[in-house]
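Novice: What follows is a single structure, and I will ask about it in a moment.
The values are calculated or read from the model by the stated rules, or taken from the named source; none is laboratory data. For clarity, every value in this text was computed on a predicted model and none was experimentally measured. Cβ placement follows ideal geometry from the backbone for every residue including glycine, while neighbour counts extend to all protein chains displayed.
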Amino acid sequence: MAKSVKIYSTATCPFCIRAKQYLSENNITFENYDVSADQAKAEEMIKKSGQMGVPVLDIEGEIIVGFDKERINKALGL
Amino acid sequence: MNDLIIIGAGPAGITSAVYAARKKLDTLVVTRDIGGQAAWSADIENYTGYQFISGPELARKFEEHLRTYDLKLKEGESVSQIIKEGHEITVITEKASYRSRSLIVASGKRSRELGVPGEKEFKNKGLTYCATCDGPLFQGKDVAVIGGGNSSLDAALQLIKIARSVFIVNMTDSLGGDVVMRDKVLSGGNVTVFSNSEVEAISGEKFVSAIKIKRQGKYEDLAVQGVFVEIGLVPNSDFAVPLEKNEIGEIKVNNRNETNIPAIFAAGDVTDVPEKQIIIAAGEGAKASLSAFRYLARNKF
């Protein structure tokens with residue numbers, strides 16, 4: 001079964017764009033939260049990750065800060 | 001063995017790669033990220049052909065162009081060492097080592113750090129080096145921008161629209177940067193400039209809650225939730241030990257992008273070329289690639 005993937009991002013950050021691009025290239029469906037427009041999601045992201053940098057990925061509860069390809073691959077079994 | 005290794009994939013590295021591909025050089029690009037500093041710029045209005053383009057968009061165009069060629073690309077690797085033995089160059093990263101007959105160093109620059117207590121602890125916990133990325137998270141908050149040049153003004157301009165109040169902390173007696181940008185920033189109603197001021201420390205519990213500044217010899221605390229460090233850049237040249245550099249660590253090149261070591265070339269912001277601009281870095285990248293091609297043609301090892 002496909003894993004639940006959420007990404008907390010802003011429209012302008014290069015690593016957010018890279019991360020989303022990478023997921024799309026690998027046919028991973030994900031939910032994107034624009035934390036610049038959604039204050040509640042911004043707070044959720046800060047709570048989950050304990051920091052304020054974007055992007056943050058939540059892959060089935062595993063929190064990955066930044067575009068960390070190796071951890072993303074591992075979490076998704078790519 | 002590769003004909004050419006290019007370190008970096010910003011405007012200089014990518015343009016080098018495109019030129020190398022068109023000369024059919026067997027090329028490997030080793031880079032930490034794609035787009036380099038260009039990807040972190042907000043609005044670009046001086047790259048010919050585009051009246052207006054955002055940094056991430058231009059970086060994507062560069063990457064698309066790069067990927068139309070059959071090149072080897074190692075992304076997410078940082079180079080720790082380069083060695084030249086005889087006619088062979090070895091490039092060592094944290095993951096692997098690669099060999100080639102020629103090398104272009106196009107590793108660019110990174111943000112300069114403040115070097116004050118609290119900076120490392122609060123990185124991404126209120127303190128950031130990228131207003132474009134993290135700025136939107138400071139909606140309605142009080143923030144400080146450290147620095148008084150163009151990059152500081154650029155950050156302030158973005159933050160004026162988002163934050164409740166913006167404090168600019170500047171070492172000299174007045175703001176530098178372009179007049180047009182300075183006027184825009186100063187006409188923002190929520191901006192206060194602290195001149196002749198230096199940051200001494202960043203403090204808070206889990207996240208930033210204040211900075212201590214020294215203003216004309218007196219210490220003051222400013223309550224802020226965000227700190228944007230914009231005090232210039234340093235070249236990513238630490239690994240380039242054998243190469244000759246200037247006093248600020250930029251790799252010295254001549255007008256053919258040759259370094260002091262034959263077969264090793266350098267291009268873009270990591271070099272001592274005057275003016276750091278996307279279009280200049282791209283042009284320098286093209287020159288470096290053509291020089292490497294000529295070097296390889298002359299020296300068939």
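Novice: From the list B:Gly86, B:Gly108, B:Gly8, pick out the single residue that is away from chain A (no Cβ under 12 Å) and more than 23 Å from B:Lys287 (Cβ to Cβ).
Specialist: The match here is B:Gly86.
Novice: Then there is this: Would you check which residues across segment A:42-63 are crowded, with 17+ Cβ neighbours inside 10 Å and not β-branched (Val, Ile, Thr) and list them?
Specialist: Residues satisfying the conditions are A:Ala42, A:Glu44, A:Met45, A:Ser49, A:Gln51, A:Met52, A:Gly53, A:Pro55, A:Leu57, A:Asp58.
Novice: Checking B:Asp33 against (1) more than 14 Å from chain A (Cβ to nearest Cβ); (2) at pLDDT below 90: exactly one of these is not met. Which one?
Specialist: (1)
Novice: Right, next: When you go through (1) closer than 30 Å to B:Glu205 by Cβ; (2) within 10 Å of chain B (Cβ to nearest Cβ) one by one for A:Arg71, which number turns out not to apply?
Specialist: (2)
Listed here are the residues, each with its yes/no results for (1) hydrophobic (A, V, I, L, M, F, W, C); (2) touching a residue at least 12 places away in the same chain (Cβ under 8 Å); (3) surrounded by 18 or more Cβ atoms within 10 Å (Cβ to Cβ).
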{"site": "B:Gly226", "(1), (2), (3)": "no, yes, yes"}
{"site": "B:Ile251", "(1), (2), (3)": "yes, yes, yes"}
{"site": "B:Ala266", "(1), (2), (3)": "yes, yes, yes"}
{"site": "B:Ile279", "(1), (2), (3)": "yes, yes, no"}
{"site": "B:Gly283", "(1), (2), (3)": "no, yes, no"}
{"site": "B:Ala297", "(1), (2), (3)": "yes, no, no"}
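Novice: Quick check on segment B:248-267. Is at least one of its residues over 17 Å from B:Ser102 (Cβ atoms), among the small types (Gly, Ala, Ser) and out of contact with any helix residue (DSSP H, G or I) (no Cβ under 6 Å at 6 or more places or on another chain)?
Specialist: Looking for residues that are over 17 Å from B:Ser102 (Cβ atoms), among the small types (Gly, Ala, Ser) and out of contact with any helix residue (DSSP H, G or I) (no Cβ under 6 Å at 6 or more places or on another chain), one finds at least one in segment B:248-267, hence yes.
Novice: Would you check which residues across segment B:189-216 are within 14 Å of chain A (Cβ to nearest Cβ) and either of a type in the set (A, V, I, L, M) or outside any strand (DSSP E or B) (or both) and list them?
Specialist: Once the filter is applied, which keeps residues that are within 14 Å of chain A (Cβ to nearest Cβ) and either of a type in the set (A, V, I, L, M) or outside any strand (DSSP E or B) (or both), segment B:189-216 yields B:Ile202, B:Glu205, B:Lys206, B:Phe207, B:Val208.
Here's the yes/no breakdown for (1) touching a Pro at 6+ places or on another chain (Cβ under 9 Å); (2) at pLDDT below 95; (3) charged (D, E, K, R):
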residue	(1), (2), (3)
B:Ile211	no, no, no
B:Leu222	no, no, no
B:Val227	no, no, no
B:Glu247	no, no, yes
B:Asn254	no, no, no
B:Pro274	no, yes, no
B:Lys300	no, yes, yes
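Residue-by-condition table, conditions (1) outside the structural domain of B:Val199 (by TED's automatic domain parsing); (2) farther than 21 Å from B:Glu258 by Cα; (3) in contact with a Cys (Cβ under 6 Å, 6 or more places away or on another chain); (4) surrounded by fewer than 20 Cβ atoms within 10 Å (Cβ to Cβ):
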site	(1), (2), (3), (4)
B:Thr68	yes, yes, no, yes
B:Glu75	yes, yes, no, yes
B:Ile82	yes, no, no, no
B:Arg99	yes, no, no, yes
B:Leu103	yes, no, no, no
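Novice: Condition first: part of a strand (DSSP E or B) and either polar (S, T, N, Q) or farther than 23 Å from B:Lys300 by Cβ (or both). Now tell me which residues in segment B:65-104 satisfy that.
Specialist: Passing the criteria: B:Leu73, B:Lys74, B:Glu75, B:Val79, B:Ser80, B:Gln81, B:Thr90, B:Ile92, B:Thr93, B:Ser97, B:Ser100, B:Ser102.
Novice: Sticking with this structure for a sec: Consider only pairs whose beta carbons are under 7 Å apart and that are at least six residues apart or on different chains; among these, list those whose first residue lies in segment B:82-99 and is in contact (Cβ under 8 Å) with a residue 60 or more places away in the chain and whose second residue is acidic (Asp, Glu).
Specialist: B:Thr93/B:Glu77; B:Arg99/B:Glu88
Novice: Further question: Among what's in segment B:158-188 and is aliphatic (A, V, I, L, M) and part of a helix (DSSP H, G or I), pick the residue that is surrounded by the most Cβ atoms within 10 Å (Cβ to Cβ).
Specialist: B:Leu159
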